[in-house]
Each structure stands twice: as structure tokens, then as C-alpha cells.
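Engineer: First the structure, which I've put down as C-alpha cells, then a few questions once you've had a look.
The values are calculated or read from the model by the stated rules, or taken from the named source; none is laboratory data. Values in this document were obtained by computation on a predicted structure and should not be read as measured data. Here Cβ is always computed from backbone atoms with ideal geometry, including for glycine, and neighbour counts include all displayed protein chains. Side chains included, ligands, DNA and RNA excluded: accessible areas come from the protein's heavy atoms. Shrake-Rupley method; radii C 1.70, N 1.55, O 1.52, S 1.80 Å.
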Amino acid sequence: MKKIFYMMVFLMLGTWGNLSAQMTLFKGTFDEALKKAQQEKKDLFVDFFAEWCGPCKMMASDVFTQKEVGEFFNTRFVCVQVDVDAQENKDIAKKYNVTALPTMVFISQDGKELRRVQGAVPAESLVKEAKIATGEELSFEQLYEKYKKKKNDLNVQQQLLIEAPAFIAMQQGYNQQKWGTRIESLFPEYLKNKKIENMANEADFLVLTMYHRTTAKEDPIFDYIAQNYPKFVKEIGKDNVARYLVSLNNTYIIQLCKKGDLNYKKRLERVNGDLKDVYSEFSFGNLSVLDAMTLLADATYGLYRHDENTFFEKMDTYLTGKGDKVELNDYFQPLQDIASVYEGKLSENTYRKCIHWIAKALTFDNVGASNRTRLLMMMGECLKNTGDNTKAKQSYNQAFLASAQIENKMEMQQLQQIIQQALQGL
């Protein structure tokens, strides 16, 4: 009996421990929360929300409940939620210029805004914003001012480059353009000062993946990493380095194919040459890596020359050879490419081949609501253009049902509108 009692206490303490780790939300009005903050000599964190706001609910259930958020916020802020739809909160929402949801505002004890966050953000981003509000970290603007005063400080340059994408994404209009231009010129400067041979570390590799996203015939950065592959693997990990190099190389090959540049064949030679160890991380069923890459490249070259026979011949060989290693994207990507190249004006034979691929793609468990909807819409279009309006209607109706599961409501509504227009046209 005593043992059971101690087990119950342990379980209860564990439960209470988890609850105390999350953000503690004050139950009261804004004014009461502000008064409590003044009494406790803390700042105020206000989550402006509405019951109908999906991202607001996501922040409350998925972010505010995380341990790192609770531990930081509970010691520095009085946290309160303010429903903007409640009549008694209209003046507060207006005072703090709440024009979008969710809006989260950090407020000083005297009621002045310290910083705000608009839109749903991950836990680490929210904690960072909180640290900026309390003065424990520099804001991006302050960091940039520091860089202007100490232009040779590589640590500041690196931090700016890593933080820039998230910061710029939150800017609008001229501000977004201004900061984009500033950061665009910073990467070459950082690369020149730091030098690629000193960048075999996680932070600098992140910078490379963020700003060096394409390669070319002459590319010292790509070539250095390829030549020093073991060095980068040791510091960063084989999977990350291999995926980065393969992504750059494959994208370049595809670009050459699209342009009709036969130099893609020469670039393919590197797959079994200096990049052999890099590509050894990837499996293509019964196909060698070089055979798989060659089939995909030849298929793409044929597609962009409007050579349907070559495209389908190469792709079918690739899909057969890959066998049980075939993934959803092996069907989905070429279907999108066909639609893009032909702008919906395909031959009847191509429509029929696409129907077969779409049916295969729909058998995968990881299709997801958005892709399932799009695939069923493609199926409807193909069936309509092969003269089977009855099955086309069924496919569009299935697409409409599938779209109801899409979490992004704007995307759902846009796709449903297109589906309804397609049904009306049958």
C-alpha cells in the first residue's frame, strides 16, 4: 500500500512538473495583468487572439506549452491572452494596433510596447523575440548596427546571415527589399573574409546551404567541398553534406537539360567520377546511380524538346528499375513538369499515360490532403480530355472531398473554387 502511495505521488509530481513547465497564463483582464506585472516587477506578454483563429490555437496548444517557453516566460513576464472579439477588449486591441492574428506583444510595466510578433512562430523564435524584448539579445537591426561599426567581425557577419531569412520574411514592402539587398551583398564579403577552407563547421555549412543554392560549370565552393568531402562529413555529418552536393549537382544537370544544353552529359560523368562517394549514399533499386541519373536527365531533355516518346520511355525504364524504391515524388514531379511544359495541351496518348501515373501516385500512404486533391484534379483533367466525362466528374468530386482535409484554409478555398469551375465545364 505504501509503495502504491509513493508511486501515485511520483506520477502526480511528474504531471504537475509538466504543467508547470508550460507558459502560465494569467486569468483576468489586461488591466489586472498589467497591475500584477507591476507588482512583480515583470514585463507583460499579451497574446491577442480570436476563437476562430487557427494559428492562434496552434500557438496556444503547440508553442506556449513547450518547456523552454514556459521556463523563460514564467520567470520574466506576466502572460495573458486577450480576445480581440470581446467588446471590453476593443480599445486595448486598437491601442496596440492589432491588425492581424495572432499578434503577440511584449509590453513594459508602464504599458509601452517593447516588441511584437505577428503570425505563428516556432518556440525557439518566440523565445528569441522575448530575449530581444528583455534586452538579453540584440535585435537584428541592432546586430546590423554592430556590424557597421565592426565590419571585420566574422562572428557578427555569420549571425546576421543565419538570422536574415527569418527577419526578412517578417518585413514588408520597401523594408523587405532594403534588407534583402543589404544581406545579399554580405554573403560574398563573408565568404571572402572567412574563406571556404575554414567553413567545415555546422554554422558555416548552414550559411552555405542558405546562400550558395546553385552551382555552375565553374564553382570553387562546390568543388572544394567535393574534394574535401571526408573533412566536411566528419564535422557536419554524411547525410547533410551528401544531400547538399547532390541537390546542387542534380539541379544544375536539370537546368542544362531544360535549356537543351548537351553538356549535361559531361556533367553526369562526375556522378561516377569525383562525386562517386557522395552519390553512394543514395539507392535506386536495381539501377546504378549513374544509370538512374542518366535516365532522369535524358527524360527531362526529351520533355523540354517536346519529345513525348523519349520522355515516357526513359521514365518508365527508371520507374521499373527503381522497383520498390519508387517514391511518391517519382510520379508527382514529372506530372507537374508535363503540365508546366505543355501548359495543359497534351496529346490524348500523353493524357492516358498520365492517368496511369496518377493512379500509381494515389496509392502512396504519404500523399497528404493537398497533394491528393491536386492529383485527383489532374486525374479529372486527363479523363475529361480522353472523353470520359463521367469518370472525370467522379474524380473532381473526390478532389473536392479530399480538399476539405487541407489545413490551410486559403489553399483549400482556392482549390475548391477551381474544382467547382471544372465541374461546371463538364
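Engineer: Using Cα atoms only, what is the angle between the long axis of helix 154-169 and the major principal axis of the chain, expressed in degrees (0 to 90) to the nearest 10?
Structural biologist: Around 80 degrees separate the two axes.
Engineer: Roughly how many Å is it from the Cα centre of the stretch 342-410 to that of the stretch 231-246, as a whole number?
Structural biologist: The stretch 342-410 and the stretch 231-246 have Cα centres separated by 37 Å.
Engineer: From the square roots a ≥ b ≥ c of the eigenvalues of the alpha-carbon gyration tensor of the stretch 38-157, which class results: rounded (a/c under 1.5), prolate (a/b over b/c), or oblate?
Structural biologist: Prolate, since a/c reaches 1.5 and a/b exceeds b/c.
Engineer: The list (i) 0.96; (ii) 1.04; (iii) 0.99 gives values of Rg/Rh (Cα atoms, Kirkwood Rh), and only one came from this structure; which label was calculated from it?
Structural biologist: (ii)
Engineer: Find, among the trypsin sites (Lys or Arg not before Pro) in the stretch 382-426, those assigned to loop by DSSP (not H, G, I, E, B) with at most 13 other beta-carbon atoms within 10 angstrom.
Structural biologist: In loop regions of the stretch 382-426 (DSSP not H, G, I, E or B), there are no sparsely surrounded trypsin sites (Lys or Arg not before Pro).
Engineer: A further question on this structure: So if each residue of separation counts as 0.36 nm, and I subtract the Cα-Cα distance between ASP110 and GLU235, what length gain in nm does that give?
Structural biologist: Separation in residues times 0.36 nm, less the Cα-Cα distance, equals 40.2 nm.
Engineer: What ranking, highest mean first, results for peptides 173-180, 367-374 when packing means the other Cβ atoms within 10 Å averaged over each residue?
Structural biologist: So the peptides 173-180, 367-374, ranked by packing, come out 367-374, 173-180.
Engineer: Using unit Cβ charges (K, R positive; D, E negative) and no other charged atoms, how large, in debye to the nearest 20, is the dipole of the stretch 218-330 about its Cα centre?
Structural biologist: My answer is approximately 220 debye.
Engineer: Now for a different question. Leaving ligands, DNA and RNA out of it, report the carbon-plus-sulfur percent of the accessible area of the chain at a 1.4 Å probe.
Structural biologist: Ligands and nucleic acids excluded, carbon and sulfur reach 50 percent.
Engineer: Here's a follow-up. Using modelled backbone amide H atoms (1.01 Å from N, in-plane), which distant-in-sequence or interchain residues come within less than 5 Å of ALA120's amide H?
Structural biologist: It is none; the list stays empty.
Engineer: Please tell me which of these pairs span more than 22 angstrom C-alpha to C-alpha: LYS67/LYS238; LYS150/LYS194; LYS360/LYS384; LYS150/LYS195; LYS178/LYS409; LYS231/LYS276?
Structural biologist: LYS67/LYS238; LYS178/LYS409
Engineer: Given a 1.4 angstrom probe, what's the average accessible area per residue across the stretch 21-101, in square angstrom?
Structural biologist: For the stretch 21-101, the solvent-accessible area averages 55 Å² per residue.
Engineer: Please express the Cα-Cα pair-distance distribution P(r) of the stretch 167-313 as a list of whole percents, one per 5 Å bin, running from 0 to the bin with the greatest distance.
Structural biologist: 2, 9, 16, 17, 16, 14, 12, 9, 6, 2, 0
Engineer: Please state the shape class of the stretch 49-96: rounded when a/c is under 1.5, otherwise prolate if a/b exceeds b/c and oblate if not, all from the C-alpha gyration tensor.
Structural biologist: Oblate is the answer for the stretch 49-96, as a/c is 1.5 or above yet b/c matches or exceeds a/b.
Engineer: Starting from the 7 Å offset along Cα-to-Cβ, what nm value, one decimal, do you get for the label separation of ASN329 and LEU154?
Structural biologist: 3.3
Engineer: Additional query: What fraction of the DSSP beta bridges in the chain is antiparallel, stated in percent and rounded to the nearest 5?
Structural biologist: Of all bridge pairs located within the chain, approximately 55 percent are antiparallel.
Engineer: Let me ask something else about it. Using the alpha-carbon atoms, what tilt in degrees (0 to 90, nearest 10) does helix 67-76 show relative to the longest principal axis of the chain?
Structural biologist: 30
Engineer: For the stretch 287-389, what Kirkwood radius comes out of the mean inverse Cα-Cα distance, in Å?
Structural biologist: Kirkwood hydrodynamic radius for the stretch 287-389: 14.0 Å.
Engineer: May I pose another question? Taking 0.36 nm per residue of separation and subtracting the Cα-Cα distance, what length does fully extending GLU124 through THR310 add?
Structural biologist: 62.1 nm
Engineer: So what is the calculated 222 nm ellipticity per residue for the chain, using -39500 (n - 2.57) for each DSSP H run with n of 4 or more, over all residues, to the nearest 500 deg cm²/dmol?
Structural biologist: -20500 deg cm²/dmol
Engineer: Considering only the other residues whose Cβ falls under 10 Å of the Cβ of ALA130, what net charge follows from Lys and Arg at +1 and Asp and Glu at -1?
Structural biologist: Every neighbour counted, the sum reads 0.
Engineer: How far is helix 348-361 tilted, in degrees, relative to the longest principal axis of the Cα atoms in the chain, given as a value from 0 to 90 rounded to the nearest 10?
Structural biologist: On a 0 to 90 degree scale, this one is about 50.
Engineer: List the GluC sites (Glu not before Pro) within the stretch 283-342 that DSSP assigns to loop and that have no more than 13 neighbouring Cβ atoms inside 10 Å.
Structural biologist: Sparse-neighbourhood loop GluC sites (Glu not before Pro): GLU327.
Engineer: Once both labels are modelled 7 Å past Cα along the beta-carbon direction, what's the THR24-LYS57 spacing in nm?
Structural biologist: Once both label points are built, they end up 2.8 nm from each other.
Engineer: Identify all lysines with a Cα-Cα distance to LYS95 below 27 Å; exclude those on the same chain that are fewer than 8 residues away in sequence.
Structural biologist: Partners within reach: LYS27, LYS35, LYS36, LYS41, LYS42, LYS57, LYS112, LYS128, LYS131.
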